[in-house]
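Contents: one structure, followed by commentary.
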Amino acid sequence: MNITLHVWRQKNRNAEGAFVTYQARDISPDMSFLEMLDVVNEGLILKGEEPIAFDHDCREGICGQCGVVVNGSPHGPRKATTTCQLHMRSFKDGDELTLEPWRANAFPVIKDLIVDRGAFDRIIAVGGFITAPTGNAPDGNAILVPKLAADRSMDAAACIGCGACVAACPNGSAMLFVAAKITHLGYLPQGQPERDRRALAMVARMDEEGFGTCTNHGECEAACPKEIPIEFIARMNRDFLKAALFTPAERAAASDGG
Amino acid sequence: MSSSAPAVAAVQSPAAESRLARILGSSIGQKLVMAVTGVILSGFIVGHMVGNLTVFKGAEAINAYGVALRKFPALLWAVRFGLLLSVGLHIWAYLALSFKSWGARPQGYKVAAYKEASFASRTMRWTGPILGAFVIFHILHFTTGTITPGFAFKEGDVFHNLVAGLSYAPVAAFYIVAMACLALHVFHGVWSLFQSLGISQPRYESTARRVATLFTIAVVGGFVIIPIAVLAGILKLQ
């Protein structure tokens, strides 16, 4: 199959970018989307041109590294699928595809389709962890976790931090990501001691990073390759409001990893 | 997650702030303000709608209702002030949240594709100001009698003002359009406030969705039936 690509090309963070049109010829429908881009890049390299830069790592849908906006849809048209797990059989011969990077103030473009998602790391760094003693691993059954809590926690922990929620949100909000991280720890007994402080710190950091705010469009949930539901945003709101209203200053300030 | 090493996060101290500052200064707190004022304004429109329906009991009933509302001027002004404050905070929360969102994507997409965003959710920023304009017109039209296209305002004769005012088709049409905007606004607003208040609900087949749907049908239906009844000649001057 033959596909026409309109690809965002941008030399570096500060350069002006523009769309450049490429032809992807003789593409097998069994190829993954990234393999199709590999083929295009081989052609570009043979011609002595700069290949299209795109992020990828595991190519099995679990690392959260890849992500291209295909015709306005982060990770392309298929539900619950990362860009690397998207196959060319999802498209038709002769299709025209516009490929854009995640667009968000907090995710500056590094090159072409690659963005800097360091903002997510900085949100995690202020509270997306539990404080645990080092040393021998504790007995696995010492702390009991109710089955429902374990299931819900795992649903949230499925978040791979790819940023498709931000890319899909008409407001450029990161609330689904932050909600998933707060929820996955907040459902577990190990996450309780720092639960209030975590909600306050991560939400504050999210705001500082320049993400937008949720207006309940639901686009994030639809784009999420791991199907994180927006119910978790309501749960984050509850955790945050409870912490903001009822946590005394001393307790909210306590513990920075020690 | 990032291609370059992340800068070491500055240590946060949300703790240093007062509770009020924590709420008003954060996006989630501003959503709470939006939701709480939304609940107050939703409560008001229910009362307003039920009061309006006395028009179907005749001129005396609704005129008596109008008198009853003004029986305790201090209470009336307290309610008016509370509503004005709610509207003000609702708009403030909208602006505070929207400034963040407007800055969050300086460069937009060439191709935009909506999967889930509803017509109601995407038009909130238009239905809100239209409703604001409608409320100002509505007060000048029926409360103060300042703008009275097509009829002579009679102080205290609620039935006459209502029927005569809405007999003028362009005004009635504006009322009906405004109620369509209200339907879109409260449907998305009521469902959203469950989220903002932290009551977890799935997007579909949930109590929040049902409450929003029933609330919208009941309240907007109760409002819009009046201009329609006037235009249809069911409500007319004796």
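If you plug each phi of segment B:103-115 into the Karplus form 6.51 cos²θ - 1.76 cosθ + 1.60 with θ = phi - 60°, what whole-Hz ³J(HN,Hα) values come out, in order, with x for Gly and Pro?
These are the phi-based 3J(HN,Hα) values: x, 7, 9, x, 10, x, 7, 6, 10, 10, 9, 8, 9 Hz.
Would you please give the FRET efficiency between B:Ser98 and A:Thr134, computed as 1/(1 + (r/R0)^6) with r the Cβ-Cβ distance and R0 = 45 Å, to the nearest 0.05?
With R0 = 45 Å, the Cβ-Cβ based efficiency is 0.50.
Over chain B, what is the relative contact order in whole percent, taking alpha-carbon pairs under 8 Å and six or more residues apart?
Result for chain B is 25 percent.
Using only the Cα atoms of chain A, build the gyration tensor, take square roots of its eigenvalues as a ≥ b ≥ c, and label the shape rounded, prolate or oblate: rounded if a/c is under 1.5, else prolate if a/b is larger than b/c, else oblate.
prolate
Under the rule of at least 5 residues apart or a separate chain, name every residue whose amide H is placed under 5 Å from the amide H of A:Thr98.
A:His6, A:Asn71
Would you report the distance distribution of C-alpha pairs in the protein assembly as shown as whole percents per 10 angstrom bin, up to the bin with the largest distance?
Final binned percentages: 4, 17, 23, 20, 16, 11, 6, 2, 0.
To the nearest 500 deg cm²/dmol, what mean residue ellipticity at 222 nm is calculated for chain A from DSSP H runs of n ≥ 4 alone, each contributing -39,500 (n - 2.57), summed and divided by the residues?
The helix contribution divided over chain A gives -10000 deg cm²/dmol.
Put +1 on the Cβ of each Lys and Arg and -1 on the Cβ of each Asp and Glu in the protein assembly as shown; which of A:Gln85, B:Ala64, A:Ala234 then has its Cα farthest toward the positive end of the dipole?
After comparing all options, I get B:Ala64.
So how do A:Lys147, A:Lys181, A:Lys226 line up by other beta-carbon neighbours within 10 Å, fewest first?
A:Lys147, A:Lys226, A:Lys181
Rounded to the nearest 20 Debye, what is the dipole magnitude of chain B about its Cα centre when Lys and Arg each give +1 and Asp and Glu each give -1 at the C-beta?
About 480 debye.
With a cut-off of at most 10 other beta carbons within 10 Å, and DSSP calling the residue loop, which GluC sites (Glu not before Pro) in segment A:12-57 qualify? Please list them.
A:Glu16
Calculate, in whole percent, how much of the Cα-Cα pair population of segment B:136-175 lies beyond 15 Å.
Tail of the P(r) past 15 Å holds 26 percent of the pairs.
What's the longest bit of chain B with no exposed GluC sites (Glu not before Pro), using DSSP loop states and at most 10 other Cβ atoms within 10 Å as the test?
The answer is B:1-154.
Residue by residue through segment B:171-177, what is 3J(HN,Hα) from phi via Karplus (6.51 cos²θ - 1.76 cosθ + 1.60, θ = phi - 60°)? Round to whole Hz and write x for glycine and proline.
Running phi through 6.51 cos²θ - 1.76 cosθ + 1.60 with θ = phi - 60° gives 5, 4, 5, 4, 4, 5, 5 Hz.
Going by a ≥ b ≥ c, the root eigenvalues of the Cα gyration tensor, does segment A:1-89 fall in the rounded group (a/c under 1.5), the prolate group (a/b larger than b/c) or the oblate group?
Taking the square roots of the gyration eigenvalues as a ≥ b ≥ c, segment A:1-89 is oblate.
Which residues' amide hydrogens lie under 5 Å from the amide hydrogen of B:Lys154, considering only partners 5 or more residues apart or on another chain, with H built in the peptide plane?
When sequence neighbours closer than 5 places are left aside, the close amide H contacts are B:Asn161.
Projecting each Cα onto the charge dipole of the protein assembly as shown (Lys/Arg +1, Asp/Glu -1 at the beta carbon, about the Cα centre), which of B:Ile91, B:Ser27, A:Gly212 comes out farthest on the positive side?
Farthest towards the positive end: B:Ile91.
Just need the relative contact order of segment A:117-253 here, percent rounded to a whole number, with Cα pairs under 8 Å and 6+ apart.
32
From the convex hull of the Cα coordinates of segment A:117-253, what is the mean projected area in square nanometres?
Mean projected area for segment A:117-253: 8.9 nm², to one decimal.
Bear in mind these aren't lab numbers, they're just calculated from the coordinates by the rules spelled out. This is a predicted model, so every value here is computed, not measured. Ideal geometry is used to build each Cβ from the backbone, glycine not excepted, and the neighbour counts take in all protein chains shown.
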